[in-house]
Each structure stands twice: as C-alpha cells, then as structure tokens.
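Undergrad: Please find one structure pasted underneath; my questions will follow.
The values are calculated or read from the model by the stated rules, or taken from the named source; none is laboratory data. Just so you know, these numbers come straight off a predicted model, no measurement behind them. Quick reminder, even Gly has a Cβ in these numbers, built from the backbone with ideal geometry, and neighbours come from all protein chains shown. The protein model used for the area step is the full one, side chains on, heavy atoms only, and it has no ligands, DNA or RNA in it. Shrake-Rupley method; radii C 1.70, N 1.55, O 1.52, S 1.80 Å.
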Amino acid sequence: MNILVTGGAGYIGSHTSVSLLEAGHNIIIADNFSNSKPEAIENIKKITKRDLIFYEIDVTNEKSVDEIFSKHKIDGVIHFAGFKAVGESVSKPLEYYYNNLVSTIVLSKACLKYKVNKFVFSSSATVYGDNKVPFLEDMELLPTTNPYGETKAISERILTDTAKANPDFAVSILRYFNPVGAHHSGLIGESPRGIPNNLMPYITKVAKGELEKLRVFGNDYPTIDGTGVRDYIHVMDLAEGHVAAIEKLDKGVHIYNLGTGRGTSVLQLVEAFEKVNGIKIPYEIVQRRPGDIAECYADASKAKKELGWTAKRNIEDMVRDAWRFEKGV
Ligand code: UFG
C-alpha cells in the first residue's frame, strides 16, 4: 500500500514508518517538525535502506494536505501528528483543540474527496479516564482530566460519525497505553524537548546525569507498592500493531487497545532499569501529580483475536533499548 503517515518524524510515527517500510509498504511522511527533527527521516531511511517521500507541512493546512492527496495515489492514512503534552494542554487548551481536531477533520475530508478508505488514528488509553482496570474497548468512556485527553475522545467521535455517514470509509482507532523504548539500532527514539514529563525519558536523563534524581509522584495509591501502575509497551511492538491494523482494515470502525495487558509500578520500572543497565537511579517520593490515576492497563485480547497482534517485548527489552538510545550508540 501507499500510506500517508502524518507525524512520521515523531516518536511513534518514526518507529511505525520503519515497520511499514520493512513490511513492504511505500510511505509518504507529512511532518512540520514541531516536536521532532529532520534527522529522524534520514535515520528511518538508514535503518530500512528504503526511500520515502517527505513533505514538511502542517496537516491543519487544508491546501497543503490537498496537494499531497492530488499528487499521490494514497491507499491509507495513519494520523499521528498532534500535540501530546498533558500538562501543556491545560495551559494552552485552544492550541490543543485547534491542532488536534482540525488536523483530524482536514485529513478525513481529504480522504472522502480522494476516496481514500483506510484511516488509522492514534488515540490514547487516557480516554478511559478512571475506569476499572483492565480497560476494555467497549467500556463507557469517562471524562479525562485535561484538554489533550478530550482531543483524543472528540477525534474518536469525529471519525466514528464520518465512517457511519460514509460506509466505504474504514477507521481503526488505536488506544495506546504507555509507549517506551526505542528501535534497537539506537538511531531513533524519544527526544522530548526540555525536562521530560513522562517517566521513562525522565529515568534515562537521571541515568545520564543530566537530572539529579527522579521524583516519584506518590506512594500511597492502592497498588502493589503504592506507586502508579501503567501498561508500558515497547514502541516497536506498538509500531507493529499499526501495520497489522492498516493491513486488516476493511469496513467499519474498529477500536483496539495496544498494550501488553500487564501493569508495572513506578518502582518496578526503576528496579528493572537499574538491574538491566547496571545504573543506580536515585529517587525521592513526592506528592501525587494532579490528574494521575492509580492504575492503567489494557485488556489486549481484542487486538490479538482480530489483528493477530500481541506485544512481544518485555520490560527488560524496554529499559535496555530506552537507555541505548539515550546514551547514544
Ligand atoms: N511518574 C513519576 N515521576 C515522573 C513521571 C511520572 O512518578 O517524573 C509516574 C506517574 O505518576 C505515573 C507513571 O509514572 O504513575 C507514568 O507517568 P507518565 O507521565 O510516563 O505517563 P502517564 O500514564 O501519566 O501518561 C501517558 C501519556 C499520556 C497518555 C497516557 C495514557 O503521557 O499521553 O499515558 O494512559 F494519555
């Protein structure tokens, strides 16, 4: 297939681009480097020894998007491009709603106009809110605590309604749990700007000596050791989930959890990192972070049954590959 990958220079987008090229698909990447770097494009080509088409555009720009669709025969779209910092979304709600919703609308309109019938969307487990774990795709969604989460829930609705009104337009909504790690080459990975908000990049910065110590947000949750539990998933497993999703996509709207189905606490992740990489991670316990939930993990059986996909890599692979990327090979 010829697949348009928006946000293909970003963290999950670049890994998925590698998997798509390795599976034999052709890709067109559209990215404005708002939270990524041009090197990612070169490194995708280096890893796969394949070429790709690249456009530096903003996918909220209808004219630029139309130009791509008019020039190329596209079979499907995987839409990653979007703002994703939970905390920032609280202080910049309009930027988040505008960017994340308009991009989804503009791309869907282009798909209908050019009869592109496959759309895979990057959603998030955040749409489950504080439901009871494990999270199942058909659970009623609960309000999220931030504009970022709302943009994911609203985008899901926009795509679902569009597919209902246009039966040829098939949509796969992928709800990611906590993607971590990097491609084993160490050439692509997660490079957040400034001080990381997420746990794994924070740990790797502490390991590197760039940050003094980890702050563990609360140890009084009703979990195995009191710290927050998440379903960490290796980014290459997540990437492979996208290949399965677009290859299987035919008719209708399909929602899949992409997670491992296993929960790991903050302290368990720190311990695994220390053990595998032989580096001590100093930490202190601080107050809970507002908006955090105690536990978040997937019931991942639907993706296994319908897509034939399961996560293959374990926590040890995740902490090893995250560190290999951060320290540079
Ligand atoms: N944590 C710390 N210290 C830190 C950072 C995080 O203790 O410096 C803890 C959090 O309290 C939480 C866990 O580590 O218990 C994971 O936190 P992250 O910030 O890495 O991830 P979240 O689960 O909060 O959020 C992530 C993505 C969201 C997405 C959500 C889906 O950042 O975009 O998963 O479940 F919506």
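Undergrad: Students often check this: by mean Cβ neighbours within 10 Å, which of 44-56, 150-162 ranks highest, and how do the rest follow?
TA: So the peptides 44-56, 150-162, ranked by packing, come out 150-162, 44-56.
Undergrad: Which distance in Å, rounded to a whole number, links the C-alpha centroids of the stretch 219-245 and the stretch 96-132?
TA: Taking the Cα centre of the stretch 96-132 as reference, the centre of the stretch 219-245 is 22 Å away.
Undergrad: Here's a follow-up. Test of understanding: in a Gaussian network model of the chain with alpha carbons linked when under 10 Å, which of 225, 299, 58 would top the mean-square fluctuation ranking?
TA: It is 225.
Undergrad: Relative contact order for the stretch 46-195: what percent, with Cα pairs under 8 Å and sequence separation of 6 or more?
TA: Relative contact order comes out at 25 percent.
Undergrad: With a 1.4 Å probe and all protein chains left in place, how much accessible area per residue does the stretch 54-173 have, in Å²?
TA: Accessible area per residue, the stretch 54-173: 47 Å².
Undergrad: Of all DSSP beta bridges located in the stretch 201-329, what percent are antiparallel, nearest 5?
TA: So the antiparallel bridges in the stretch 201-329 amount to around 25 percent.
Undergrad: What does the charge count near residue 129 come to, summing +1 for each Lys or Arg and -1 for each Asp or Glu among other residues with Cβ under 14 Å from its Cβ?
TA: Around residue 129, the charge tally is -3.
Undergrad: Among residues other than residue 51 whose Cβ falls under 15 Å from its Cβ, what is the net charge (Lys/Arg +1, Asp/Glu -1)?
TA: Once positives and negatives cancel, what remains is +2.
Undergrad: Follow-up question, since we're still on this one. Considering only protein heavy atoms, with the full assembly of protein chains and a 1.4 angstrom probe, order 60, 310 by accessible area, largest first.
TA: These residues rank, largest area first, as 310, 60.
Undergrad: Something else about it: What does the charge add up to near residue 97, with Lys and Arg as +1, Asp and Glu as -1, over the other residues with Cβ less than 14 Å from its Cβ?
TA: After counting each charged neighbour, the total is +1.
Undergrad: Ok, one more. Report the antiparallel proportion of the DSSP beta bridges in the chain as a percent, rounded to a multiple of 5.
TA: Antiparallel: roughly 5 percent of the beta bridges in the chain.
Undergrad: Carbon and sulfur together cover what percent of the accessible area of the chain at a 1.4 Å probe radius?
TA: The nonpolar share, carbon plus sulfur, comes to 51 percent.
Undergrad: Before I look further, what does the stretch 218-329 give for accessible area per residue, probe 1.4 Å, in whole square angstrom?
TA: On a per-residue basis, 47 Å².
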